[in-house]
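Visitor: Got a structure for you, written out below as structure tokens; questions coming shortly.
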Amino acid sequence: MKKIAEHISLDGIDKAILRVLMDNARTPVQEIARQLNLSGSAVHQRIKKLEDANLILGSCLKLNPSSLGYTTTAYIGVYLDKAMRNPEAVSQLKKIPEVVECHYTTGNWSILIKILCKNNEHLMQLLNHNIQSIEGVSRTETFISLHQQIDRQINI
């Protein structure tokens, strides 16, 4: 694996390890080693190098929001009255647990957020009392996701 101009060059073994971990991040190193016909220490060293190169940013457990009662997903374009209000607006958005993503964008919106809500009433409450009340937010534009059709990581 070589780091070239901020990009990482992966060999076939690196890619194979990553594919196994992307499928199931909890796969034991010894199981990966067995699948790839390598030693456990070789797999462990390669994973460590991938982590050190910031290619692997961590691993996490993925919850099913609808099983927890969060059945409405919405994307909200947030218009700010001044671009300089971005840091404070983001600071306030971080305090809203239902905000699961926040992006600084080009185009009409200053910020694009993704929120998970229990239902449309919950969404309306968050918009009216939490998001639109943030100082500097001039207005919002909301898109409700009817169904997520693709959920994947970048292909390696």
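The values are calculated or read from the model by the stated rules, or taken from the named source; none is laboratory data. No experiment lies behind these values; they were computed from the predicted model shown. Here the Cβ positions follow ideal geometry from the backbone for every residue, glycine too, while neighbour counts run over all protein chains shown.
Visitor: Pairs, please: C-beta under 9 Å, at least 6 apart or cross-chain, first residue not assigned by TED's automatic domain parsing to the domain that holds residue 118 and in segment 59-83, second in a helix (DSSP H, G or I)?
Guide: 59/21
Visitor: If you go through segment 10-26, how many residues are loosely packed, with under 14 Cβ neighbours inside 10 Å and not in a helix (DSSP H, G or I)?
Guide: The qualifying residues number 4.
Visitor: Please pick out the residue among 61, 55 that is hydrophobic (A, V, I, L, M, F, W, C), part of a loop (DSSP other than H, G, I, E, B), closer than 30 Å to residue 127 by Cα and modelled with pLDDT under 95.
Guide: 61
Visitor: Would you check which residues across segment 112-143 are closer than 10 Å to residue 74 by Cβ and in contact with an Asp or Glu (Cβ under 7 Å, 6 or more places away or on another chain) and list them?
Guide: 113, 114, 115, 116, 117, 126
Visitor: I'm trying to understand the selection: among the residues of segment 48-80, which are within 16 Å of residue 151 (Cα to Cα) and in contact with a strand residue (DSSP E or B) (Cβ under 8 Å, 6 or more places away or on another chain)?
Guide: Passing the criteria: 65, 73, 74, 75.
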